[in-house]
1. In the list A:G208, A:G220, which residue meets the criterion of being at the interface with chain B (Cβ under 10 Å from one of its Cβ atoms), in contact (Cβ under 8 Å) with a residue 24 or more places away in the chain, under 30 Å from A:R150 (Cβ atoms) and buried (at least 24 other Cβ atoms within 10 Å of the Cβ)?
2. Could you tell me which residue of the range A:71-99 is surrounded by the most Cβ atoms within 10 Å (Cβ to Cβ), considering only residues that are among the charged types (D, E, K, R) and within 23 Å of A:I184 (Cβ to Cβ)?
3. So which residues in the range A:223-257 are out of contact with any Lys or Arg (no Cβ under 7 Å at 6 or more places or on another chain), touching a residue at least 60 places away in the same chain (Cβ under 8 Å) and polar (S, T, N, Q)?
4. Quick one: would you say A:Y160 is aromatic (F, W, Y), over 19 Å from A:G4 (Cα atoms), in contact with a Ser or Thr (Cβ under 9 Å, 6 or more places away or on another chain) and surrounded by fewer than 23 Cβ atoms within 10 Å (Cβ to Cβ)?
5. Mind listing whichever residues of the range B:223-233 are out of contact with any Gly (no Cβ under 6 Å at 6 or more places or on another chain) and crowded, with 19+ Cβ neighbours inside 10 Å?
6. Conditions first: (1) closer than 23 Å to B:W151 by Cβ; (2) more than 11 Å from chain A (Cβ to nearest Cβ); (3) of a type in the set (V, I, T). B:I303 passes all but one, so which condition is the exception?
7. Check the range A:6-14 and report whether any residue there is touching a residue at least 40 places away in the same chain (Cβ under 8 Å), crowded, with 17+ Cβ neighbours inside 10 Å and part of a strand (DSSP E or B).
2 protein chains.
Amino acid sequence: MRIGRAARSADATPRLVAVAPEGEGLVDLVTADVALSTRRGATHEAATRVAEAKFPGSLTTALDRGAGVLLEEASAALASFDERALIPLEEAVLLPPADPRVLRCCSAFEEHARNGFSRLGQSVPATFYEFPPYYKGSPASLIGHRAPVRWPGYTQSMDYELEFALVMGSRSTNLHPEDAASHIFGVTVMNDFSARDTQSLEAGQGLGPCKAKDFATALGPWITTLDELDIHDLPMIARVNGVEWSRGSSSTMTWLPEELVAYLAYGEELLPGDVIASGTVGNGCGLELGKELAPGDVVELEIGGIGTLTNQIGQPETSGWRPVPRRQFAGGTQ
Amino acid sequence: MRIGRAARSADATPRLVAVAPEGEGLVDLVTADVALSTRRGATHEAATRVAEAKFPGSLTTALDRGAGVLLEEASAALASFDERALIPLEEAVLLPPADPRVLRCCSAFEEHARNGFSRLGQSVPATFYEFPPYYKGSPASLIGHRAPVRWPGYTQSMDYELEFALVMGSRSTNLHPEDAASHIFGVTVMNDFSARDTQSLEAGQGLGPCKAKDFATALGPWITTLDELDIHDLPMIARVNGVEWSRGSSSTMTWLPEELVAYLAYGEELLPGDVIASGTVGNGCGLELGKELAPGDVVELEIGGIGTLTNQIGQPETSGWRPVPRRQFAGGTQ
């Protein structure tokens, strides 16, 4: 099944949706479930009350009832939807399909690490091979398919990153890799937009990327459930303004998806709806290719078995507070 | 006002609470509001329905209606609560008072940075003085006052960090420091527990702290609203097993609270309920003092005008998956 979040218009309430079986649009699961219940004799009001509880606008809230329950109830609603539940794809406002409590962004592809560090005149840190590197993104910066990409005033160097992302279906901690797949709900496409000049400056502070990443992270167009995919062999393609820039595969990961999940669950809890990004596939960003994005560029990321995530880069902002540098403490001995 | 989140027992539904005016306990705002409405003629059922909508268990959800509305309605409920609404402090299960969508942890005190880098034989990076350093924590790891601190299997070096944290009351972006205070809801105490050995290893990967921090971050016991405090002069004290280890003040910040807010809002949105930690005050952690915590230690952080946040360190865990090191790619040229 392909599950996402969408609204019928920019002002409408977000709804959980499933891609219709023939791909003819998105099925609003609340409307489909209401139709199912009213055919069985429920009043419209009673049917709506239960449908909205079963299919909240938040995927995380829905998964908190159990991924199996969600998929069963969505299948039942999908089996007999009528036209009132169908949102034509071109009319839908797509939201990020997941709304995670925690967004973890790994770096699992050695080729990307080698290319990236090489551009900085450095080699890959030895620890890359000892445990999977990752940082935490900002769930507040997630945007969906076709949403514009904010260009903050502090950067002059905009890049994309071709990644896939796992969405967790259940709570877990201290897992082994062989038990990880049972906790994965599905997979989506992720574009981890990056301000490269800011990323270099932040690297000097040693606390990881923040402003370099937190202005926009695209996710979508929807999540394909794990049963419909081979996550170890996902073809990945990036196009900028229709021209192919990147091509790769999840088969080249140094750290496997199940290993990422097990490591991330080490000593802490992964929660339903949490998102774990793979990291950029080799040659999957402009930095590795010596290229940058410009305002107005359209970036499409396509992953086989999922779909294509498209976003257009916005115009640079001019407002915001640039910090006034401090003087070092006069009594400092360092 | 002092606002928090608590439950009457470990299994009970979390409730928004306010500290009673005479400090005689915590007032469950739902129960207080129900009493107020029933005195005005509402049925218990109708009063409960509205009270639970006005005072959800999530502070973020409550603040999404507006911080001013929340404080007005809480004041009305507090003005005439009766004993049924009162939870004795010793019986309450305190939850982290905020449940942020994004948890940002700054490093705003030069003295802490100097002491910390000095222990590593390094000096403070020049960029510390150019823009405020921060990383993003994990909202899933937040624990409340009196909650035990998980000790993950991957660390042998446990530390505390004496910090205060701002809780945002409204949405903002591209702010100036002079406009920041109007967006701050209040202040709480934060203990950013840290696995120092893991932090050193993660520093080598360059993506910031993750496992070093994400096992437990304590917040509480409640939030004091901004009108009751001078955030530029908060006395801060840490005690371990009753012995004072750290003492400092928010007056020694290199980056002021309003500057942190303005910088964090640069090019992205801060949302109601988001938490911004100050970073550790100078000498506010064991690393700076050449000390470590042991299982069973009790750490109390006290901040004037807020209260004391107490947590006991748990026993080291023995489960979890240790990654199997990879071989470097044979074709690597770096």
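The values are calculated or read from the model by the stated rules, or taken from the named source; none is laboratory data. Fair warning: this is a prediction, and the values are worked out from it, not measured in the lab. We place every Cβ from the backbone using ideal geometry, glycine too, and count neighbours over all the protein chains shown.
1. It is A:G208.
2. A:D99
3. Correct list: A:T225, A:S246, A:S250, A:T252.
4. Criteria not met by A:Y160.
5. Hit for the range B:223-233 is B:I231, nothing else.
6. Every listed condition holds for B:I303 apart from (1).
7. yes
This table checks each residue for (1) under 24 Å from A:G307 (Cα atoms); (2) among the hydroxyl-bearing types (S, T, Y).
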{"position": "A:I3", "(1), (2)": "yes, no"}
{"position": "A:A12", "(1), (2)": "no, no"}
{"position": "A:T48", "(1), (2)": "no, yes"}
{"position": "A:F55", "(1), (2)": "yes, no"}
{"position": "A:A62", "(1), (2)": "yes, no"}
{"position": "A:V69", "(1), (2)": "no, no"}
